[in-house]
Amino acid sequence: MEGVHAVIRAARSRPATGVMTKQPKTKTRATPSLPRQSQAILDTMQLGVTQANAEGEILYANPAVAEMHGYTVAELVGSNLSIFEASVEQEPTIAGWSEGSTSWTSERVHKRKDGGTLFVRALSDVISGSAGGTIVTGYEDITERRQAEDALREQHEKESLHAALHDPLTGLPNKLLLLDLIDQALGRCKRHSEYMCAVVVLNLDRFHLVNDGLGHTVGDQLLNAVSERLKPCFRSVDTFARLSGDEFGFLLDDISDISDTLRVADRIQEQLAKPFQCGSEEVFTSGRMGVALSTTGYERAEDALRDATLALHRVKSGTAVRHEVFDPVMHRRAHARMELETDLRWAMEREEFRVFYQPIVSLEDGTITGLEALLRWEHPRRGLLEPSEFLSVAEQTGMIIPLGSWVLEHSCRQMRKWHDEISRDSPLSLSVNLSGKQLLWKDIAQHVGQVLEETGLDGRSLRLEMKEVAMLDDADPMLSVLSELKELNVSLDIDDFGIGYSSLRSLHRFPIDSLKIDRSFIEKLHIRRESEEIVRTILALAQNIGVSVVAEGVESPEELATLKKLNCEMAQGHLFSAPLLHDQITELIEGHRYPV
Ligand code: C2E
Ligand code: MG
Ligand code: MG
């Protein structure tokens with residue numbers, strides 16, 4: 001009302017322009033200053049009208065305004081305009097009024113006599129006169145319109161909220177909504193110890209093949225079909241969401257134990273195993289699932305989802321088991337692996353790698369014929385690490401290429417030094433391990449050639465060891481790499497022979513110089529008769545195709561005796577020497593003979 005008073009005060013300073021000037025303070029419908037005809041018009045108007053003085057006292061009210069508010073005209077006249085004021089907080093919309101103006105329009109909520117409310121649009125005019133101004137207001141009931149507008153707005157808000165929390169393609173809840181619901185479920189788990197929930201991430205196998213091969217439309221149809229088919233797998237308390245691309249996520253709320261989750265996982269697999277009709281295409285798919293359980297004690301939904309994803313990545317391809325349940329050990333392992341990856345990236349720069357050498361011994365006379373270079377990592381916190389602790393990470397990250405090059409160059413340089421410093425009847429050979437990734441490196445032969453040239457080591461002194469799986473994986477391209485290497489005069493040896501899946505018959509296709517019998521056969525030599533048979537067969541095979549043989553991991557005199565009995569030519573193992581650093585090797589190689 002302050003606005004109204006201000007307008008009235010402003011208007012008082014102007015000459016009278018209206019007809020309604022002085023108002024009697026009587027409760028009467030009559031408005032003396034109105035001509036009878038005008039009053040009759042006002043009385044029959046559908047628009048409500050009031051005339052009030054500067055204090056807001058109603059001097060005149062027409063039947064329409066009275067009816068609008070549930071009063072009689074007599075009840076209104078003499079009352080204050082504040083009778084209409086609703087207690088609801090409102091910001092009246094005032095239009096058409098500016099400083100110095102005498103009329104304005106507003107939309108506001110009014111209170112009815114029965115306590116109900118109505119929306120009115122009020123058009124007010126200040127009419128100044130000698131006894132203070134009066135204010136004439138016309139009221140239009142706009143309740144219906146406002147209600148329609150409000151309903152529309154509400155609907156719109158609901159729709160945009162729905163859009164913000166749902167996936168536009170499948171209509172399923174999206175990641176945001178799933179995370180929110182997981183958070184709520186985790187809260188319940190925290191409050192009630194017996195309460196349990198599971199978070200599952202499902203990934204469709206080879207979805208990109210559908211997208212790339214059959215087009216995105218079919219890809220979209222498949223996602224829709226999957227979401228429709230899987231919906232019945234869930235209870236009403238569960239949430240089934242689409243996280244991204246071909247990844248779905250679900251919250252299994254209030255489960256009694258893990259078997260509930262695994263049952264749902266099985267049901268999902270069953271559903272996915274049936275073909276999907278996408279337009280004219282029949283599409284087959286399958287899925288992998290990772291499960292995280294609230295019993296791990298998650299604080300945040302993101303952590304549960306992260307662990308479920310981590311578990312998902314551990315599902316092996318090609319196996320019947322298509323889900324993994326996350327456990328904290330897995331988390332620690334993943335964390336340790338990430339740490340290792342970071343440390344590994346720095347290790348080269350910080351010169352933390354070392355090469356150890358293990359003698360390869362002739363079983364004929366006990367002389368050292370060669371040395372195998374074996375990589376070690378002097379980790380600043382964890383001490384000396386063996387390859388089994390970091391090699392697979394180096395392979396997966398591609399670090400093996402620079403690392404392997406370093407081993408090759410470092411050991412070739414060292415061997416050249418030994419050749420220069422220690423005179424021997426026949427030069428020692430150097431065996432260097434090459435991983436599968438290195439063999440697939442297209443520049444490998446060129447690189448080996450360059451290292452030989454730079455270090456001055458004769459190619460005939462270098463033996464490259466490769467595991468049979470790496471070698472026979474994709475035979476034809478590998479053959480050309482091996483031939484290129486052979487042109488450098490280096491020898492090619494098969495490491496860990498006997499444990500791969502290779503067909504022995506295909507061996508002769510490769511330019512192989514020697515086989516290294518895997519340690520697992522040597523250590524069982526005097527325990528299992530088959531091991532001796534296997535070693536005997538390998539030796540016969542080697543003789544047939546004209547390659548030499550080295551027995552790996554010889555630890556005991558009994559093993560040595562059996563190998564000698566079988567006419568094995570060379571051996572390597574702790575019985576002779578563990579891998580050693582170069583200065584210890586220097587002392588060893590000059591004229592040393594092992595008793596054989
Ligand atoms: P490998 O090439 O078969 O090397 C022989 C492994 O057997 C070495 O393990 C050696 O220390 C171990 N060994 C030797 N004699 C005995 C024995 O009497 N008893 C037992 N229990 N073990 C023995 P290491 O050094 O841990 O290397 C493991 C594997 O890591 C190697 O197997 C090789 O495949 C790989 N590796 C090592 N260095 C390199 C490298 O520089 N590059 C690549 N790509 N792989 C490497
Ligand atoms: Mg080896
Ligand atoms: Mg080996």
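Just so you know, all these numbers are worked out from the coordinates, no wet-lab data involved. Not measured: the values here are computed from a predicted model. Positions of Cβ are backbone-derived with ideal geometry, glycine not excepted, and every protein chain shown enters the neighbour counts.
Run the simple label-point estimate for residue 320 and residue 44 please: 7 Å along Cα→C-beta, distance reported in nm. It is 9.4 nm.
Ranking of 192, 379 by neighbouring Cβ atoms within 10 Å, starting from the fewest: 192, 379. Calculated mean residue ellipticity at 222 nm for the chain: -12500 deg cm²/dmol, from DSSP H runs with n ≥ 4 weighted as -39500 (n - 2.57), summed, divided by the residue count and rounded to 500. Full extension of the chain between residue 300 and residue 574 yields a length gain of 93.5 nm, computed as 0.36 nm times the residue separation minus the alpha carbon distance. Length available on full extension from residue 567 to residue 362: 0.36 nm per residue minus the Cα-Cα distance, which gives 72.7 nm. Scanning residues 5 or more positions from residue 110 or on other chains, those with amide H under 5 Å from its amide H are 118, 119, 120, with H placed 1.01 Å from N in the peptide plane.
Among 113, 437, the order by Cβ neighbours within 10 angstrom, fewest to most, reads 113, 437. For the pair residue 192 and residue 484 in one chain, pulling the backbone fully straight at 0.36 nm per residue adds 98.3 nm over the alpha carbon distance.
Using R0 = 25 Å, the C-beta based FRET efficiency linking residue 146 and residue 180 works out to 0.15.
Let me know the longest stretch in the chain that avoids all GluC sites (Glu not before Pro) found in a DSSP loop with at most 15 other C-beta atoms within 10 Å. Looking at the chain, 365-486 is the longest stretch - no exposed GluC sites (Glu not before Pro) with at most 15 other Cβ atoms within 10 Å.
Proximity of backbone amide H atoms, modeled 1.01 Å from N, is registered between residue 515 and 494, 548, 549, 550 at under 5 Å, excluding neighbours fewer than 5 places apart on the same chain.
Here the chain has an Rg and Dmax of 44.9, 141 Å, counting Cα atoms alone. Computed from the C-beta positions of residue 83 and residue 153, the FRET efficiency with R₀ = 22 Å rounds to 0.15. Counting only whole DSSP H helices of the chain, the ones at least 27 Å long by C-alpha along their axis and with mean Kyte-Doolittle hydropathy no lower than -1.0 are 328-347, 400-421. In this structure, the amide hydrogen of residue 575, modeled 1.01 Å from its nitrogen in the peptide plane, lies closer than 5 angstrom to those of 554, 555, counting only residues at least 5 positions away or on a different chain. For segment 270-362, trypsin sites (Lys or Arg not before Pro) meeting the loop criterion (DSSP other than H, G, I, E, B) and having at most 13 other Cβ atoms within 10 Å: 300, 316, 350. Need one number: nm distance between label points at residue 337 and residue 443, each 7 Å from Cα along Cα→Cβ, rounded to one decimal. Distance between the two pseudo-spin positions: 2.9 nm. Residues 201, 451 in ascending order of nearby Cβ atoms (within 10 Å, fewest first): 451, 201. Rounded to the nearest 20 debye, the dipole magnitude of segment 206-263 is 200 debye, with +1 charges on Lys and Arg beta carbons, -1 on Asp and Glu beta carbons, and the Cα centre as origin. Among the listed pairs 486/516; 442/467; 516/564; 486/565, those whose Cα-Cα separation exceeds 21 Å are 486/565.
Reported to the nearest whole Å, the Cα centre-to-centre distance from segment 251-314 to segment 551-593 is 53.
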